[in-house]
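The values are calculated or read from the model by the stated rules, or taken from the named source; none is laboratory data. Only a predicted model underlies this, so the values are computations on that prediction, with no experimental measurement involved. No Cβ is skipped: glycine too gets one built from the backbone with ideal geometry, and neighbour counts run over all protein chains shown. Note: accessible area is taken over every heavy atom of the protein model, side chains too, but ligands, DNA and RNA are not part of it. Shrake-Rupley method; radii C 1.70, N 1.55, O 1.52, S 1.80 Å.
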Amino acid sequence: MSNNCPIGIFDSGVGGLSVFSQLIKFLPNENYIYFGDTENLPYGNKTKEELVQISAKIFDFFKSKKVKAVVMACNTTSALTYDVLKNNYDFKIYPVVQNVAEQIAKEGHKNIGVFATQGTVNAHAYKTEIQKHNNGINVFEIACPEWVRIVENGLQEEEESINNIKLHLDEMLLYKPDKIILGCTHYPYLLNVLSKFIQPATFINPAQYFAQSIYEDLKNNNLLCSEEEKEHTFFVSKNPAQFAKASKLFYKVQEVKEISLQ
Ligand code: DGL
């Protein structure tokens, strides 16, 4: 494996692009291969066993592409599959939840809210990881199962979507959080709507912390790419046109290839 090998990055759909858009700021000189598993979307209501199988296939795909690292730009698989698969590959694996929890825990907030998928909430991934670093922080987790579909279908501005978003936000505000983590990589696409009701600065988009920590780790391990030429390749397992359309907010994807990992 060499420094100039690509970085793999995956999610169930466009959510991971919220991470990708930060990664290219911190690491602009890298080759990236993005995989959006739109055929298996949503991940949030799948069992741990299903997600381990899915993640293993994606890691195998990246192995065949000779990547130097895989970025799990998906909270649900980070929460449910990272621990099972982390020792099975010889490239670096960066899971979003585990990578950002320490930095968030150090910021000194007392009450932290988390919006996430049902799978991430049921696993108490953020609560466990944050309290590992600071057990004086109260963490409240709320699942928003409809939000991924809203984002993938570009329905952010529909009245029904806004009502649903407001409903979950009102429930969260009862806990008086100092900060609210957008604990699913799809949710930063809803920041415009969320910001209609409360200060945008209340929200933490983990992508910024995540990209910085990946940059630092690659640098410390002498794994930064030294090539001038860089390539960004996008694959999805279904509906490339819809993926390209929904991606707009974070990264305008020009070309998307469809691929089956079965
Ligand atoms: N964007 C992913 C996450 O961060 C998965 C969402 C889903 O497919 O349910 O959890």
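Quick check: anything in the stretch 95-109 open to solvent by 20 Å² or more (accessible area, probe 1.4 Å), at positive phi and of a type outside the set (Lys, Arg)?
Within the stretch 95-109, one or more residues are open to solvent by 20 Å² or more (accessible area, probe 1.4 Å), at positive phi and of a type outside the set (Lys, Arg).
If you scan the stretch 221-239, which residues turn out to be under 20 Å from Asn31 (Cβ atoms) and either assigned to a loop (DSSP other than H, G, I, E, B) or free of Cβ contacts under 8 Å to residues at least 40 places away in the same chain (or both)?
Asn221, Asn222, Leu223, Leu224, Cys225, Ser226, Glu227, Glu228, Glu229, Lys230, Glu231
Might you check whether a residue that is more than 19 Å from Phe250 (Cα to Cα) and of a type outside the set (D, E, K, R) occurs anywhere in the stretch 24-36?
Checked the stretch 24-36: no residue is more than 19 Å from Phe250 (Cα to Cα) and of a type outside the set (D, E, K, R).
Run down Ala56, Ala79 and say which single residue is of a type in the set (Gly, Ala, Ser), more than 16 Å from the ligand (Cβ to nearest atom), open to solvent by 10 Å² or more (accessible area, probe 1.4 Å) and in contact with a helix residue (DSSP H, G or I) (Cβ under 9 Å, 6 or more places away or on another chain).
Exactly one of Ala56, Ala79 is of a type in the set (Gly, Ala, Ser), more than 16 Å from the ligand (Cβ to nearest atom), open to solvent by 10 Å² or more (accessible area, probe 1.4 Å) and in contact with a helix residue (DSSP H, G or I) (Cβ under 9 Å, 6 or more places away or on another chain), namely Ala56.
Looking only at the stretch 86-101, count every residue that is closer than 28 Å to Ser64 by Cβ and either within 16 Å of the ligand (Cβ to nearest atom) or polar (S, T, N, Q) (or both) and tell me the total.
Total satisfying the criteria: 9.
Among the residues of the stretch 102-139, which ones are within 14 Å of the ligand (Cβ to nearest atom), in contact with a helix residue (DSSP H, G or I) (Cβ under 8 Å, 6 or more places away or on another chain), assigned to a helix (DSSP H, G or I) and among the hydrophobic types (A, V, I, L, M, F, W, C)?
Ala125 - this is the single residue of the stretch 102-139 that is within 14 Å of the ligand (Cβ to nearest atom), in contact with a helix residue (DSSP H, G or I) (Cβ under 8 Å, 6 or more places away or on another chain), assigned to a helix (DSSP H, G or I) and among the hydrophobic types (A, V, I, L, M, F, W, C).
Could you grab me the full set of residues in the stretch 194-245 that are more than 19 Å from the chain's Cα centre (by Cα) and among the aliphatic types (A, V, I, L, M)?
Ile198, Ala201, Leu223, Leu224, Ala241
Quick check on my filter: what residues within the stretch 19-53 are under 12 Å from Leu85 (Cβ atoms) and either open to solvent by less than 10 Å² (accessible area, probe 1.4 Å) or among the polar types (S, T, N, Q) (or both)?
The answer is Leu51, Gln53.
Name the residue, out of Leu174, Leu155, that is surrounded by fewer than 19 Cβ atoms within 10 Å (Cβ to Cβ), more than 15 Å from the chain's Cα centre (by Cα), without any contact (Cβ under 8 Å) to a residue 12 or more places away in the chain and within 16 Å of the ligand (Cβ to nearest atom).
After applying the criteria, what remains is Leu155.
Say whether the condition of being under 17 Å from Gly8 (Cα atoms), surrounded by fewer than 19 Cβ atoms within 10 Å (Cβ to Cβ) and of a type outside the set (Gly, Ala, Ser) is met by at least one residue in the stretch 199-214.
yes
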